[in-house]
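Participant: Before we start, here is the structure in question, set down as structure tokens.
The values are calculated or read from the model by the stated rules, or taken from the named source; none is laboratory data. Computed from a prediction, not measured in an experiment: that's the story for all the values here. Reconstructed Cβ throughout: ideal geometry from the backbone, glycine too, with neighbour counts over all protein chains shown. Ligands, DNA and RNA are stripped out before the accessible areas are found, and what is left, the full protein with its side chains, is counted by its heavy atoms. Shrake-Rupley method; radii C 1.70, N 1.55, O 1.52, S 1.80 Å.
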Amino acid sequence: MSERRTVLVTGASKGIGRETAELLAGDNWEVFGTSRTPDDYAPDGWEMLGLDVTDDASVSECVSAVTERIGRIDALVNNAGYGLNAFTEEATVEEVCAQFETNYVGVHRMCRAVLPIMRRQGSGHIVNISSLSGLIGTPPSGHYAASKHALEGYSQTMRFEVAQFGVRVVLVEPGFTQSEFRANAVDPAEPIEAYDELRERIGGMSEHVEQRAAPASAVATTVRRVLNTPHPRLRYTCTRMDWLAAHMRCWLPQGVMHWMVRKVFGLQAAKRPAHSDAHE
Ligand SMILES: NC(=O)c1ccc[n+]([C@@H]2O[C@H](COP(=O)([O-])OP(=O)(O)OC[C@H]3O[C@@H](n4cnc5c(N)ncnc54)[C@H](OP(=O)(O)O)[C@@H]3O)[C@@H](O)[C@H]2O)c1
């Protein structure tokens, strides 16, 4: 049997997933990355498999392809995901279901396919790429935040359940990271005019966001650190700023935290309800 450890990284065609696959391949891991269009890529030193995490058969074929070749999976990095740029009210039910189908149910499909293998081995690391949006919801991505909050609860629970089999479940929570994430984010099919001013204001911040974004390597090195730790913690952030943001949420009074979010996103304080004057 090969001495090299085997990792399956979903969504490795670009951004964080590709950076992670390349870093681990350089560390002598046997790396299988995935894409919905695998033939478009010819990675050096690792292999690209076809995978759509929204499709049961595709998940099953992808995991079988690895086990038939190598016989084991030491680590699964659930990275595939996308953003939905809709204000919470705007998103259609179909858009919400599609967001959860990839970012949440897709992770579950992968875990259900890989966990029997890891239980049999008596070991394994499952790293779920969440987000600071899994801790703090900010506009205009309520449903994206909801999908990552769901992933947080899922991972925390699964971690308790599978520790007995030697399997470690970990959340990596990046903040803004350089990738194609924002270019690939889906805009709402039914935008509501009342949100246009806020949409424009937040859209105007995008250049500033891109400048502040951490390199994808910050996430990749965090994943590597987790995979090299026999008993990793539940949660890892990837930069000092992200660590601070994640912890400020626990330390600061809620009102102060919400004031800071409003300040960063240029949001107005809550307006008094129109009917409140009538009662005075
Ligand atoms: N960039 C950020 O600021 C940021 C911050 C926090 C968290 N994250 C999280 O990091 C992860 C990676 O995002 P990224 O920034 O690297 O974005 P990206 O550059 O857009 O890459 C997304 C990857 O996900 C794959 N993917 C999307 N839908 C898929 C599906 N249905 N089935 C299989 N693969 C699918 C894409 O593969 P193909 O298109 O080739 O199939 C691609 O490789 C996501 O989970 C995202 O939520 C990103």
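Participant: Would you mind counting up the charge near Ser123? Only other residues with Cβ under 13 Å from its Cβ, with Lys and Arg at +1 and Asp and Glu at -1. Intermediate values should be presented prior to the final figure.
Facilitator: Working: positive: Arg5, Arg72, Arg119, Arg120, Arg168; negative: Asp74.
Counting the neighbours of Ser123, the net charge comes to +4.
Participant: Determine one quarter of the surface area of the Cα convex hull of the range 155-203, which equals its mean projected area, and express it in nm² to one decimal. It would help to have the intermediate numbers written out before the result.
Facilitator: Details: hull surface 24.5 nm².
Spelled out: convex hull of the Cα atoms, projected over all directions, averaged, 6.1 nm².
Participant: Based on alpha-carbon atoms only, what is the radius of gyration of the chain relative to the globular estimate 2.2 N^0.38 Å? Don't skip to the answer; put the middle values down first.
Facilitator: Numbers: Rg = 20.0 Å, N = 280, 2.2 N^0.38 = 18.7 Å.
After normalising by residue count via 2.2 N^0.38 Å, the value is 1.07.
Participant: What residues have an amide H closer than 5 Å to that of Leu84, excluding those fewer than 5 places away on the same chain, when H is modeled at 1.01 Å from N in the peptide plane?
Facilitator: Residues meeting the criterion, in which the H sits 1.01 Å from N, are Tyr144, Val186.
Participant: So what J values fall out for the range 242-256 if you push phi through Karplus, 6.51 cos²θ - 1.76 cosθ + 1.60 with θ = phi - 60°, rounded to Hz, Gly and Pro as x?
Facilitator: My calculation for the range 242-256 gives 5, 4, 5, 4, 5, 7, 4, 4, 8, 7, 7, x, 4, x, 5 Hz in order.
Participant: How large is the Rg to Rh ratio of the range 60-148 when both quantities use alpha carbon positions and Rh follows Kirkwood? Could the numbers behind the result be given before it?
Facilitator: On the way: Rg = 15.6 Å, Rh = 14.4 Å.
Checking Rg against Rh, the ratio lands at 1.08.
Participant: For the chain, what is the charge dipole size about the Cα centre, in debye to the nearest 20, if Lys and Arg each add +1 at the Cβ and Asp and Glu each add -1 at the Cβ?
Facilitator: On the way: 28 positive and 35 negative charges, 306 e Å.
That gives the chain a dipole magnitude of about 1460 debye.
Participant: Let me ask something else. Can you give the local net charge around Ala163? Use residues other than it whose beta-carbon is closer than 15 angstrom to its beta-carbon, Lys and Arg +1, Asp and Glu -1. Write out the running numbers ahead of the final one.
Facilitator: Numbers: positive: Arg119, Arg159, Arg168, Arg233; negative: Glu161.
Around Ala163, the charge tally is +3.
Participant: Hey, another quick one. How are the alpha carbon pair distances in the range 203-248 distributed across 5 Å bins from zero to the largest one, expressed in percent?
Facilitator: 5, 18, 21, 22, 17, 8, 5, 2, 1
Participant: Can you tell me the 0 to 90 degree angle between the C-alpha axis of helix 142-162 and the longest principal axis of the chain, rounded to 10?
Facilitator: Rounded to the nearest ten degrees, it is 40.
Participant: For the range 193-280, what is the Kirkwood hydrodynamic radius in Å, using each pair of distinct C-alpha atoms?
Facilitator: Numbers: mean 1/r = 0.0597 Å⁻¹.
For the range 193-280, inverting the mean 1/r across all distinct Cα pairs yields 16.7 Å.
Participant: So how do Glu94, Glu3 rank on accessible area, 1.4 Å probe, biggest first, that is with the largest at the start? Working shown, then result.
Facilitator: Numbers: Glu94 130, Glu3 175 Å².
Correct descending sequence by accessible area is Glu3, Glu94.
Participant: Using Cα centres only, tell me the gap between the range 121-149 and the range 211-280 in whole Å.
Facilitator: 12 Å
Participant: For the range 187-202, what does the Karplus curve 6.51 cos²θ - 1.76 cosθ + 1.60, with θ = phi - 60°, yield as ³J(HN,Hα) per residue in whole Hz, taken in order and with x for Gly and Pro?
Facilitator: Those phi angles translate into 8, x, 6, 10, x, 9, 4, 4, 9, 4, 5, 5, 4, 5, 5, 5 Hz.
Participant: Considering all alpha-carbon pairs of the range 68-117, what whole percent are spaced by more than 12 angstrom?
Facilitator: Numbers: 844 of 1225 pairs.
Distances greater than 12 Å cover 69 percent of the Cα pairs.
Participant: Would you work out which of Val63, Tyr236, His208 lies farthest towards the positive end of the dipole of the chain, given +1 charges on the beta-carbon of Lys and Arg and -1 on that of Asp and Glu, about the Cα centre?
Facilitator: Tyr236
Participant: Evaluate 2.2 N^0.38 Å with N set to the residue count of the range 1-140, then give the Cα radius of gyration divided by it. Walk me through the numbers on the way to the answer.
Facilitator: On the way: Rg = 15.6 Å, N = 140, 2.2 N^0.38 = 14.4 Å.
That ratio works out to 1.09.
Participant: If the cut-off is a Cα-Cα distance under 26 Å, which lysines reach Lys148, setting aside same-chain residues fewer than 8 apart in sequence?
Facilitator: The reachable lysines, counting only those whose Cα sits under 26 Å from Lys148, are Lys14, Lys263.
Participant: Just the number, please: Stokes-Einstein D of the range 123-206 in µm²/s, Kirkwood Rh from C-alpha pairs, 10 °C, 1.306 mPa s.
Facilitator: On the way: Rh = 14.9 Å.
Answer from the Stokes-Einstein relation: 107 µm²/s.
Participant: So for the range 38-101, what percent of the C-alpha to C-alpha distances run longer than 19 Å?
Facilitator: 49 percent
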